[in-house]
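Remarks on the structure that follows.
Only the coordinates and a few stated rules stand behind these numbers; no lab work does. The shown structure was predicted, so the numbers you read here are calculated from the model rather than taken from an experiment. When we count neighbours, we look across all protein chains shown, and the Cβ atoms used for this are built from the backbone with ideal geometry, even at glycine.
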Amino acid sequence: MNDLSDNDLSGNGLPQTLLAGYRNFMSGRFTDESLRYRELAEGGQTPETMVIACCDSRSAPEIIFDTRPGEIFVLRNVANLVPPYAPDGEYHSTSAALEFAVQSLHVKHIVVLGHGRCGGIKAALDSESAPLSPGDFIGRWMSLVAPAAEAVSANTLMTSGERQTALERISIRYSIANLRSFPYIDAQEKKGHLTLHGAWFDISTGELWVMDRKTGDFIRPSSE
Ligand SMILES: [Zn+2]
């Protein structure tokens, strides 16, 4: 059990659910994996896989892939998008994380993980319901997929659910194409040292669909 007193966890207003979860973590997973945590602290992290996922509270890659501490290097942003390579002196958090993962950690895999019912993708498809003015951060960010969103929105043969899933998967392919615009990612992939993957998680069924790297189609893994 944990040896922290209640005073240590008074939290100064931190939500009680977080404090309770932390207690469980300390008495459970941290205790169970204390040796691994110590090794990771002393030896540093050497994750072989980077996962780019959405901020959505339902699509946490560590939970979906049941990973241990130190196993995956995770970047989360709205709608799991990768912008094109743009060394323009601006603040690029996604590009900074990519640079660190590839240039310093030398990850062998990058997985772009999309998910069903993505609010960012929904906003990109439904310009009337969303704060999509160019001055808003989310509007500017989601404009990355605006051309695809317009094309998908124009398809009246599809239901709204089909359009949503289509754009979620198109945006994964788009992000993978943008990954290749980073010179060092392109170079590492061509040398065979780095593999780029796409995956899409259905939060209602738990199904994971994996992108076929040749065709771009999303298929269920054969092991299931
Ligand atoms: Zn999302």
Next on the checklist: Could you work out how much longer the chain between Ser34 and Asp126 gets when fully extended? Use 0.36 nm per residue separation minus the Cα distance between them, nm to one decimal.
Outcome noted: 28.4 nm
Next on the checklist: Principal axis extents for the chain, Cα atoms only, whole Å, descending order, please.
Outcome noted: 60, 45, 44
Checklist entry - What residues have an amide H closer than 5 Å to that of His115, excluding those fewer than 5 places away on the same chain, when H is modeled at 1.01 Å from N in the peptide plane? => result Phe201
Item to check | Residue among Pro47, Pro83, Pro183 with the largest mean-square fluctuation in a Gaussian network model of the chain, springs linking Cα atoms under 10 Å | outcome: Pro183
Checklist outcome for this item: Neighbour-count ranking for Asp88, Asp202 (other C-beta within 10 angstrom, fewest to most) reads Asp88, Asp202
Checklist entry - 222 nm [θ] for the chain, helices only, -39500 (n - 2.57) per DSSP H run of 4+, per residue, to 500? => result -10000 deg cm²/dmol
Item to check | Given charges at beta-carbon only (K, R positive; D, E negative), |dipole| of the chain in Debye | outcome: 500 debye
Checklist outcome for this item: Env charge @ Gly161, Cβ radius under 12 Å, K,R +1 / D,E -1, value 0
Item to check | Cross-link partners of Lys190 among aspartates and glutamates (Cα-Cα below 19 Å; sequence separation of 8 or more within a chain) | outcome: Glu48, Glu99, Asp212
Checklist entry - What shape does segment 70-114 take by its C-alpha gyration tensor, where a ≥ b ≥ c are the square roots of the eigenvalues and a/c under 1.5 counts as rounded, a/b above b/c as prolate, and the rest as oblate? => result oblate
Next on the checklist: Could you tell me how far the Cα centroid of segment 152-224 sits from the Cα centroid of segment 11-46, in Å?
Outcome noted: 33 Å
Checklist entry - Modelled label-to-label distance, Thr159 and Arg213, 7 Å Cα→beta-carbon offset: nm? => result 3.4 nm
Checklist outcome for this item: Expressed as a percent, the portion of alpha-carbon pairs in segment 175-224 spaced more than 13 Å apart is 64 percent
